[in-house]
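Student: Quick one: structure below, then a few questions.
The values are calculated or read from the model by the stated rules, or taken from the named source; none is laboratory data. Quick caveat, the model's predicted, so the values are computed rather than measured. Here Cβ is always computed from backbone atoms with ideal geometry, including for glycine, and neighbour counts include all displayed protein chains. Side chains are part of the model used for accessible areas, which takes the heavy atoms of the whole protein and leaves out ligands, DNA and RNA. Shrake-Rupley method; radii C 1.70, N 1.55, O 1.52, S 1.80 Å.
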Amino acid sequence: MRVRHAVAAGTVAAFVVAGVAGPLLTGGRERRTDLGRALLAPGLDAWLGTDHLGRDELVRVVAGARGSVVAVGVVLLMCLLLGGGVGVVAGWRGGLLDRALLRLVDVVTSVPTLLLGLVLAGLLGGGPVQVALALGLTLWPPYARVVRTETRLRRGEPSNQALRLLGAGPARILLRHILPSLGGPVVVLLGITAAEVIVAVATLSFLGLGAQPPAPEWGTMLVESRPYLSTAPWLFLAPATAVAAVAVAGNLLADRLGGWFTHGTTRTAGKSWTGAAAKTAAAPEPGGGLRIAALTVDVNGARVVAGATLTAPPGGTLAIVGPSGSGKTMTVLGALGLFPPHLAARVGGSARVAGHELVGLGEAGLRAVRGRVVAYVPQDVGSTLNPLRRVGAQLASAVTLHSGSRSARELLALVGIEDPERVARQRPGELSGGMRQRVLLALALAGEPQVLIADEPTSALDATAAVGVVELLRRIQRRLGTTLVVITHELGMAARLADTIAVFDAGRVVESGPASTVLSRPGHAVTRSLVAAADLPDPPAAPPPSGPPLLTARDLRVTYPGRDRRPPVTALAGVGLTVRRGEVVAVVGNSGCGKSTLARALAGIEPRRAGTVTMDGQRIHLVFQDPAAALDRRQAVGPALDEALQLHRVPSARIPARRTALLERVGLTGAHAERRPWQLSGGERQRAVLARALAGEPDLLILDEPVSALDSTHRAAFIRLLRQLRGDGPSMLLISHDLGVVEQLADRVLVMHAGRIVDELPAGQDRHPVTRDLLAARDYFRHLPTADPEGVPS
Amino acid sequence: MRPRWGGPVAVVAGRVAEMAALVLVISLVSFGLLCLTRGDAATSVVREQGGPVTQERIAAERHRLGLDLPPHERYVDMLGRAVTGDLGVSVRTGRPVAGEVVERIGPTLRLALAGSLVAVLLGLAIGLVENAATGRVLPAVSRGLSLLLVSVPAFALAFALVDQFSVRLGWFPTQGMAGGLRALVLPALVLGLPAGAALGRVLSTRLREVMAEPYLVMARAQGFSRGACLLRTALPNAAVTSLVVAGNILAALGTGTLVVEEVFGWPGLGSYLISALRYRDWQPLQASVLLLSVVVIVSRGASLALAALVDPRARSTA
């Protein structure tokens, strides 16, 4: 806690003490007049001076705290009860009640706060309690809004849906998981309201509707001081300072406490790599390539790149590979000076692009290079394009900036967009992931750069779209002769694109060289594990389980009502499937085919479901797509498992042993049990989610894209873990866009397209076109080109 | 397929209808509150006429003013006449309320517009300074100043400014509208500074969030300067997400005019409302409460509509 927060806390404490114990401290002296001592300047016998009636100013300031403390207390309580109550009910129940309550909130918001307060205070008669009531009745709407939004949001969160599937009732979810998470935003509001009340109480007194003289109240004291503003300014300054100090302290403290409550959600775990800079001699590099030598990057004092050396020859392709968090992106951000201004970043070493030294160049120099000599396309997380501007306008200003020779339309055509006119008129929110990636590449090409750096260009895409983007990158390079640098953790993609590979680990390059050499004879342990992850051996062939059906679904249909006056969307158009006991079934399809809806419909948490699901067992559990959202971020792994075991009615004496067994089963240790979700790596988090799902001993486990958020090393390890679960574990239904992943696990693979199951593997020769695409995408990324150098499917 | 009706016209029409309904609800609420009140204009009139204040005299006066009718009859009667532009007669002045309100709405609008201008300019300045300045001193000063401005009662700020600039330096008049633009300076500052500080705090936070977005990394990677990124990319995005809050803050200026008009003796709706409230003068009170509510509702509605117009994402949530 910093000094100013300590001062703020002290101020608030003094305010509360003065308000509560005021009469004891002052003993009624605040009303004692003594005209012989009128308007004394601050001095030893009256520290803050005296007013026109000879009353001691300090005593009156202390006594004046009482009205404000009472008002603040009453108003905050009313806001919590009224706003919190309305918010929780509206957010939890939803529907018509929600809309009705929102209208009520709208009405109260639209009545000007002070105005209604004024009318109420005027009509109920002036006085501190009336003032407080009036303010309380008008100040609660923000609480209702915040609480409603948060409740609604949290209610739909995977972590709470998962709890419902484990058998938790609404009371438990509301009291243990939703209300505690409201602390942060509500505390911030409380501080703001407290400050508002202090100011409003004084203002109402000024308007003649609160406390009246001679009652000591900061507002009336300010009013009384006015005639003496020039002759006795202390009479004004004392209460003004009191009001401002308490209000400022309330605001400051609220900011600080709010940060505390939401602690962990805003903080990013920083890794720091230490060690001497690797001294690898870089090859001499003429022309338009990229050469980075012994580059170090420190962000906020932590070393994130510890001496990286790599070279991309002009016109060639370099793939930067490595596990997530190994410093791949940091190297590029450091070389180009692209860290956000509030991060204190220091860059050392050398980064040369087309003969320009970038390190130490300064913002103006870097600006001349960026986009024109070297272009960088950040990883697409859905908000890499300005959401407000149309695609065409964004391209046009990039072209203008660089005086580029290609128009926006030509750039869109260059990146393989078939209908550039239409796409130019769209906003980023209307584009699919594959389209967004293409538009990003088009923006990067506007300045006709000699070097193009693409960061994880396919991570947000399904397998079919990823093939398209990789092919596009190859085409761009062939046509324009651009030096291409691709950052990825997918070795399959690196193999497709690159002639040189640099492998990162712990902030430095641990191995680099020609792609074929690095891939066929990996020298470093990290490279070996990456190669192993990219090329999992096929599972031993086992006879498919032929037991009785565990789950049978018939003619499942889900239709979402159209939003914004659009026609309704059919997500499932009649799906039937069976899963046998002990069987692992996979459903694959491209994004938007309805596979996640199918997962939710089967788990019974899709309210718009039609059709029948019959199940021979009792329990079904769903592992949600995003492991980061699947756990309550305020709950450590151990307590989360304990809660799941409790819900499964495991006697409390046996919970610790069961918890240990669960952790062991998914490859975690007791140390992980004490960590919260954000303190775990992606792979560990997914294991924790799996452990909790297993706590309820489900008969069927549905896994929605279980590995799509994991980097390739973690992905391989998680697939191995799921394989171990086969046999003694539950039946499984896997949902994925990646045929290569599910094939390694499933007995049967169903192919989905446009809300229907259109094909099944491994049966039949007559393939649906979607199946052919998926198979082609699998083969495209599976085999490393050392074994198959030019096998590009056309 | 369901029939597609609508477009922007229908949306706007819907919003307007919603706002009209809201005004009706508020008129009902404020009327209800007035019915619950202790004392009414009859008492004020009798007290003003002098002589003994007896129940008989008050009852007679109440009958003369029509205050003894059942509340629902009075409400319907009032509503019916309000539609035709007849807002009743002020008991205190004996003049038609409609005329008095029309006289007073001009000064209030002038004050509110000037105050909004001050608020928006100060808000922009605070938001930009805190995010563009590279040093530590300027942002810290800006943060401290904005925090202080939202923490001081407007009337106290007015006292201090009047004492300094009107009484000591004599630059501006202390009271009233005489003196043209010079008379407007201090009231507009007192009205706009705290709102601007609140606006600046919101905008600054939003800007800081937006500056960390990937599309700003992308913009800088394309070679746009920091200034261009801040002004052309970050500011519009931050402004859009601040619009709704900004609408609320600016709408609250409608209330702020009460205090400012009272301090500066500004002959607007706010001071009209307060004197009507003190006299328990119903018709002017109803009329001015409703008019100020309309100002608030319209400016909130306008900010929501503006947000939806600029940002397609705001449409479904608005």
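Student: Determine whether residue B:40 is of a type outside the set (A, V, I, L, M, F, W, C) and surrounded by fewer than 19 Cβ atoms within 10 Å (Cβ to Cβ).
Tutor: no
Student: How many residues does region A:580-614 contain that are under 27 Å from the mean Cα position of the chain (by Cα), surrounded by fewer than 20 Cβ atoms within 10 Å (Cβ to Cβ) and not hydroxyl-bearing (Ser, Thr, Tyr)?
Tutor: 5
Student: Right, here's the next one. Considering region A:400-424 alone, what residues qualify as being in contact (Cβ under 8 Å) with a residue 40 or more places away in the chain and surrounded by fewer than 21 Cβ atoms within 10 Å (Cβ to Cβ)?
Tutor: A:401, A:402, A:404, A:405, A:406, A:414, A:416
Student: Looking at the structure I just gave you, is residue A:360 modelled with pLDDT under 90, on the phi > 0 side of the Ramachandran plot and either under 26 Å from the mean Cα position of the chain (by Cα) or open to solvent by less than 20 Å² (accessible area, probe 1.4 Å) (or both)?
Tutor: no
Student: Return only the number of the condition from (1) surrounded by fewer than 20 Cβ atoms within 10 Å (Cβ to Cβ); (2) within 13 Å of chain B (Cβ to nearest Cβ); (3) over 22 Å from residue A:488 (Cβ atoms) that residue A:348 does not satisfy.
Tutor: Checking residue A:348 against (1) surrounded by fewer than 20 Cβ atoms within 10 Å (Cβ to Cβ); (2) within 13 Å of chain B (Cβ to nearest Cβ); (3) over 22 Å from residue A:488 (Cβ atoms), the one that fails is (2).
Student: While we're here: Hey, can you tell me all the residues within region A:736-794 that are acidic (Asp, Glu) and at pLDDT 80 or above?
Tutor: A:738, A:743, A:747, A:759, A:760, A:773, A:779
Student: On to the next question. Of all the helices (runs of 4 or more DSSP H) wholly in region A:599-710, which have at least 1 residues that are aliphatic (A, V, I, L, M) and under 15 Å from residue A:162 (Cα atoms)?
Tutor: Because the criterion is at least 1 residues that are aliphatic (A, V, I, L, M) and under 15 Å from residue A:162 (Cα atoms), the helices (runs of 4 or more DSSP H) in region A:599-710 that meet it are A:627-630, A:637-647, A:682-695.
Student: Still on this structure, please answer the following. Need a quick list: helices (runs of 4 or more DSSP H) entirely within region B:244-318 having at least 2 residues that are touching a residue at least 60 places away in the same chain (Cβ under 8 Å).
Tutor: B:253-264, B:269-279, B:282-310
Student: Among the candidates A:699, A:704, single out the residue that is in contact (Cβ under 8 Å) with a residue 12 or more places away in the chain, touching a strand residue (DSSP E or B) at 6+ places or on another chain (Cβ under 7 Å), over 19 Å from residue A:159 (Cβ atoms) and among the acidic types (Asp, Glu).
Tutor: The match here is A:699.
Student: Could you list, in sequence order, the residues of region A:201-228 that are in contact with a Pro (Cβ under 9 Å, 6 or more places away or on another chain) and part of a loop (DSSP other than H, G, I, E, B)?
Tutor: A:210, A:211, A:215, A:217
Student: For region A:325-375, which positions are in a helix (DSSP H, G or I), touching a residue at least 60 places away in the same chain (Cβ under 8 Å) and among the charged types (D, E, K, R)?
Tutor: A:328
Student: Quick one: is residue B:76 part of a helix (DSSP H, G or I), free of Cβ contacts under 8 Å to residues at least 60 places away in the same chain, out of contact with any Phe, Trp or Tyr (no Cβ under 8 Å at 6 or more places or on another chain) and under 30 Å from residue B:210 (Cα atoms)?
Tutor: In short, no.
Student: Of the residues A:684, A:705, only one is in contact with a His (Cβ under 9 Å, 6 or more places away or on another chain) and over 21 Å from residue A:735 (Cβ atoms); which?
Tutor: Residue meeting the stated conditions: A:684.
Quick grid of which residues meet (1) crowded, with 22+ Cβ neighbours inside 10 Å; (2) more than 9 Å from chain B (Cβ to nearest Cβ):
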position: A:190; (1), (2): no, yes
position: A:195; (1), (2): yes, no
position: A:203; (1), (2): yes, no
position: A:210; (1), (2): yes, yes
position: A:216; (1), (2): yes, yes
position: A:222; (1), (2): yes, no
position: A:225; (1), (2): yes, no
position: A:242; (1), (2): yes, yes
position: A:258; (1), (2): no, yes
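Student: For region A:425-450, name all the residues that are away from chain B (no Cβ under 11 Å), open to solvent by less than 40 Å² (accessible area, probe 1.4 Å) and in a loop (DSSP other than H, G, I, E, B).
Tutor: Passing the criteria: only A:431.
Student: Let me ask something else. Please verify whether residue A:367 is more than 8 Å from chain B (Cβ to nearest Cβ) and of a type in the set (D, E, K, R), treating the condition exactly as stated.
Tutor: No, not satisfied.
Student: Additional query: Just the residues that are closer than 13 Å to residue A:451 by Cα and buried (at least 19 other Cβ atoms within 10 Å of the Cβ), please, taken from region A:293-318.
Tutor: A:311, A:312, A:317, A:318
Student: Conditions: (1) open to solvent by less than 20 Å² (accessible area, probe 1.4 Å); (2) touching a residue at least 24 places away in the same chain (Cβ under 8 Å); (3) within 20 Å of residue A:486 (Cβ to Cβ). Residue A:379 meets all but one. Number of the miss?
Tutor: Against the list (1) open to solvent by less than 20 Å² (accessible area, probe 1.4 Å); (2) touching a residue at least 24 places away in the same chain (Cβ under 8 Å); (3) within 20 Å of residue A:486 (Cβ to Cβ), residue A:379 comes up short only on (1).
Student: Against the conditions (1) buried (at least 21 other Cβ atoms within 10 Å of the Cβ); (2) more than 14 Å from chain B (Cβ to nearest Cβ); (3) more than 20 Å from residue A:330 (Cα to Cα), where does residue A:479 fall short? Just the number, please.
Tutor: (1)
Student: Could I ask something else about it? Could you pull out the residue among A:102, A:76, A:96 that is within 38 Å of the chain's Cα centre (by Cα), open to solvent by 60 Å² or more (accessible area, probe 1.4 Å) and hydrophobic (A, V, I, L, M, F, W, C)?
Tutor: The match here is A:96.
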